[in-house]
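Visitor: Let me begin by handing over the structure; questions about it come next.
The values are calculated or read from the model by the stated rules, or taken from the named source; none is laboratory data. Everything numeric in this text was worked out from a predicted model, so none of it was measured. Cβ placement follows ideal geometry from the backbone for every residue including glycine, while neighbour counts extend to all protein chains displayed.
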Amino acid sequence: MDKGKITQLLQAHSSGEPGAMNKLMPLVYDEMQKMAQYRLSGERPGHTLSAKGLVHEAFLKLVDFDRIDWQNRYHFFGIASQVMRNILVDYAIKQQAQKRGGDRQRVTLGESDAVTEIKLHDILSIHQALERLEKFEERQVRVVECRFFGDLTIEETANALGISTPTVSRDWNMARAWLNRELGGKS
């Protein structure tokens with residue numbers, strides 16, 4: 001992956017250059033695919049939101065972010081992590097609404113559906129806990145988004161957020177401890 005080219009294209013997009021994001025997609029696709037696969041790895045086969053679908057939906061949302069002053073590829077992947085989190089939360093909310101009669105179709109629940117329902121609940125629980133944490137530790141939430149939802153390393157997260165690696169490690173440990181306490185050991 002040509003890291004310098006990614007930064008150039010991001011800055012070109014910020015400057016209003018038409019087509020810059022279209023040129024960017026092939027350069028970031030594999031990394032975004034890894035992020036999405038990591039996030040969806042525990043879901044049942046045939047899950048209606050695929051890694052490919054998550055990447056494409058996230059990229060479509062990122063293309064609309066024309067007012068962001070993109071700093072570099074790490075900044076891009078940090079924002080992509082936040083976008084993926086939002087997509088997964090929206091998906092989980094929609095799935096729960098449908099399971100409560102929102103789609104008005106009767107279905108027979110099998111073993112695999114019970115597992116999926118728990119995972120959707122976990123995503124929503126984590127999201128709600130992060131909303132509470134954000135009220136007093138916003139940076140820790142950004143770290144969790146990068147690490148948990150984006151599968152970024154400590155170093156990549158530090159670069160994405162413009163902070164030191166020891167700060168990321170400290171925030172990651174603190175946020176995980178707080179989330180574990182909030183979620184009763186579920187995360």
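Visitor: Tally the residues that are in contact with a helix residue (DSSP H, G or I) (Cβ under 7 Å, 6 or more places away or on another chain) and acidic (Asp, Glu), restricting the search to the range 8-38.
Guide: Within the range 8-38, residues that are in contact with a helix residue (DSSP H, G or I) (Cβ under 7 Å, 6 or more places away or on another chain) and acidic (Asp, Glu) number 1.
Visitor: With within 18 Å of GLY150 (Cα to Cα) and either among the small types (Gly, Ala, Ser) or at pLDDT 80 or above (or both) as the only criterion, which of MET21, MET84 stands out? Reasoning before the result, please.
Guide: On the way: MET21 fails: within 18 Å of GLY150 (Cα to Cα).
Answer to the check: MET84.
Visitor: Write out, first by first residue and then by second, each pair whose Cβ atoms fall under 9 Å of each other, whose residues are 6+ apart or on separate chains, and whose first residue, in the range 60-72, is more than 13 Å from LEU24 (Cα to Cα) while the second is exposed (fewer than 10 other Cβ atoms within 10 Å of the Cβ).
Guide: ASP66/GLY16
Visitor: Out of (1) at pLDDT below 85; (2) exposed (fewer than 15 other Cβ atoms within 10 Å of the Cβ); (3) under 14 Å from the mean Cα position of the chain (by Cα), what's the single condition that is false for LYS52?
Guide: Failing condition for LYS52: (1).
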